[in-house]
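Please read the structure below before turning to the comments.
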Amino acid sequence: MSPRLAVIGAGAKGVAVAAKAAVLRDMGVDAPEVVVVERAEVAANWAAVGGWTDGQQRLGTSPEKDIGFPYRSSLVRRRNAELDERMTRLSWQSYLISTGQFADWVDRGRPAPTHLRWSQYLRWVADSVGISVVTGEVQRISVDGDRWAVHTDETVLCADGVMVTGPGQAERSILPGHPRVLSIAQFWHRAAEHERISAERVAVIGGGETAASMLNELFRHRVSTITVISPSVTLFTRGESFFENTLFSDPTGWTGLTLEERRDAMARTDRGVFSARVQDALLADDRIRHLRGRVAHAVPRDGRIRLTLNTDRGGERLETVHGFDLVIDGSGADALWFLPLLGQDALDLIELGLGGPLTGEALEESIGYDLAVAGVAPKLFLPGLSGLNQGPGFPNLSCLGLLSDRVLGADFGAGHPAPLRRNVERQPLR
Ligand SMILES: Cc1cc2nc3c(=O)[nH]c(=O)nc-3n(C[C@H](O)[C@H](O)[C@H](O)COP(=O)(O)OP(=O)(O)OC[C@H]3O[C@@H](n4cnc5c(N)ncnc54)[C@H](O)[C@@H]3O)c2cc1C
């Protein structure tokens, strides 16, 4: 019996892992059974329905970094070239060819696709390989003997491993329900409805790609000033040179760096940085300014929202208050969003594996080669937290093919030897 892997979320990672498992099975190779649980639809977060975009924003990374990238499989001894060749049939370019868009895309200079087009690509992959999707929102994860039990309103799915994906909930807001404070989802809902935002002083909390997409949209609205609030010294541009890109596509050598070096590299290249394309637009617009600080709280007063910011100035904490007509809370992405789903038995099991209290830092530092929390059985794969230990490309779209190898090649426990080992035993040598 193949182990069952339950994936929370049919986004880029869920589709990538399920597709590679399907291709392996087509090759006659044992692979985990992948069941994806999705609350909305395949690739929902790349369309308006997911609340993270209106679908019209453009992908920051190259679309050739698709579900099989970097096409350097190391999962099936002596048949990896065949596996990669089969995976290219599910590539971005194969999608364009099969939908009659390839020549047009090349002639236009290979433009970055919109999020909506990217969602259509992911759906095409999911349909092509017939991935198994259970519709429902995961409400709870508990332990059932030596397996996980993944609960939705309607079903309980038992699995030998769980992989958590996605950035969390776009509905989060620093002042829920207040008309002058918008969550990410509320902002994109307005944009998708073509509702014009009209305000004098607007604040956008957050300096990452989510906030960058919102700024890109805000330019079109009637606003006098836009203040981007983030804890970083300034708004950094993501380094997109060969050397920075290879860190994301190929983590060889990453584990040889010290923790401090890895944190530094991630801060420079990934966390709280804008892509060069958005930076260009930002520089050209004199309505944008940056305010350094961490928002501590927000209160409505005199028709405005007053934000209290904490800033660290040479070891001293400075508190300042700023008033805005509209606040957009773009700080929603949270790699630990799944923690409230864990039942007490699941929490106990993870703390036992960690050998101490469950914190974000402890989880990050415990992620093993297979992108799962080391010492925890059944397997809990947390690619969103694996950047620090395994490579900065794993939480995003930078090496989905490699991510799939790591997860599908994991040892799922006593009853399920690692597929890699089984394949070595069973496959004829090429
Ligand atoms: C606006 C924006 C732009 C971005 N652009 C880029 C980019 O250009 N390049 C890049 O590398 N990264 C980008 N990112 C980061 C991006 O989030 C990740 O790279 C990538 O989407 C992660 O894939 P994923 O499969 O983990 O999550 P997603 O593709 O977001 O999929 C998560 C899925 O989980 C589902 N879900 C959530 N909660 C539950 C639940 N409780 N039960 C069931 N299903 C659930 C959602 O509906 C969704 O379909 C961007 C992020 C945002 C918000």
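Brief remarks on what is shown
- Just one residue in the set ALA199, ALA203 is closer than 26 Å to ASP334 by Cβ and surrounded by 18 or more Cβ atoms within 10 Å (Cβ to Cβ); that residue is ALA203.
- Selection of region 96-124 for residues being away from the ligand (no atom under 16 Å from the Cβ) and within 15 Å of ALA19 (Cβ to Cβ) yields only SER98.
- Residue list for region 66-90, restricted to those being under 12 Å from GLY401 (Cβ atoms) and open to solvent by less than 30 Å² (accessible area, probe 1.4 Å): ASP66, ILE67, GLY68, PRO70, SER73, LEU75, LEU83, ASP84, MET87, LEU90
- Pairs where the first residue, in region 94-113, is within 23 Å of GLN57 (Cβ to Cβ) and the second is surrounded by 15 or more Cβ atoms within 10 Å (Cβ to Cβ) and among the small types (Gly, Ala, Ser), C-beta under 8 Å, 6+ apart: ALA112/GLY60; ALA112/SER62
Conditions (1) assigned to a loop (DSSP other than H, G, I, E, B); (2) in contact with a Cys (Cβ under 8 Å, 6 or more places away or on another chain); (3) outside the structural domain of MET214 (by TED's automatic domain parsing), marked per residue:
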site	(1), (2), (3)
ASN310	no, no, no
HIS322	no, no, no
ALA346	no, no, yes
LEU349	no, no, yes
ASP370	yes, no, yes
GLY384	no, no, yes
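- For region 192-211, filtering for residues that are over 15 Å from ILE288 (Cβ atoms), modelled with pLDDT under 90 and either part of a strand (DSSP E or B) or more than 12 Å from the ligand (Cβ to nearest atom) (or both) leaves 5.
- Any hit, region 363-385, residues being out of contact with any strand residue (DSSP E or B) (no Cβ under 7 Å at 6 or more places or on another chain), open to solvent by 10 Å² or more (accessible area, probe 1.4 Å), closer than 17 Å to GLY11 by Cβ and at pLDDT 95 or above: no
- ASP302 vs. criteria at pLDDT 90 or above, surrounded by fewer than 19 Cβ atoms within 10 Å (Cβ to Cβ) and over 29 Å from the mean Cα position of the chain (by Cα): yes
- Odd one out for ARG25, checked against (1) touching a residue at least 60 places away in the same chain (Cβ under 8 Å); (2) of a type outside the set (Asp, Glu); (3) open to solvent by 50 Å² or more (accessible area, probe 1.4 Å): (1)
- Residues in region 161-191 that are touching a strand residue (DSSP E or B) at 6+ places or on another chain (Cβ under 8 Å) and within 10 Å of the ligand (Cβ to nearest atom) were compared, and the one that is most open to solvent (accessible area, probe 1.4 Å) is GLY166.
- Criterion (in the same structural domain as LEU341 (by TED's automatic domain parsing), part of a loop (DSSP other than H, G, I, E, B), near the ligand (Cβ under 9 Å from one of its atoms) and of a type in the set (D, E, K, R)) met by exactly one of GLU154, GLU137: GLU137
- Residue satisfying condition, being within 20 Å of ALA284 (Cα to Cα), more than 15 Å from the ligand (Cβ to nearest atom) and aromatic (Phe, Trp, Tyr), within set PHE236, PHE242: PHE236
- Looking only at region 54-88, residues that are part of a loop (DSSP other than H, G, I, E, B) and either within 16 Å of the ligand (Cβ to nearest atom) or free of Cβ contacts under 8 Å to residues at least 12 places away in the same chain (or both) come to 16 in all.
- For beta carbons closer than 6 Å, sequence separation of 6+ or different chains, a first residue in region 240-259 that is without any contact (Cβ under 8 Å) to a residue 40 or more places away in the chain and within 16 Å of SER62 (Cα to Cα) and a second that is open to solvent by less than 60 Å² (accessible area, probe 1.4 Å) and in a helix (DSSP H, G or I), the qualifying pairs are GLU240/ALA276; GLU244/THR269.
- Lone unmet requirement of (1) more than 30 Å from ILE367 (Cα to Cα); (2) in the same structural domain as GLN57 (by TED's automatic domain parsing); (3) out of contact with any Phe, Trp or Tyr (no Cβ under 6 Å at 6 or more places or on another chain) for TRP124: (3)
- Residue in region 35-51 that is away from the ligand (no atom under 12 Å from the Cβ) and either small (Gly, Ala, Ser) or open to solvent by 20 Å² or more (accessible area, probe 1.4 Å) (or both) present: no
The values are calculated or read from the model by the stated rules, or taken from the named source; none is laboratory data. Values in this document were obtained by computation on a predicted structure and should not be read as measured data. Quick reminder, even Gly has a Cβ in these numbers, built from the backbone with ideal geometry, and neighbours come from all protein chains shown. Remember, those area values only see protein heavy atoms, side chains included, never the ligands or the DNA or RNA. Shrake-Rupley method; radii C 1.70, N 1.55, O 1.52, S 1.80 Å.
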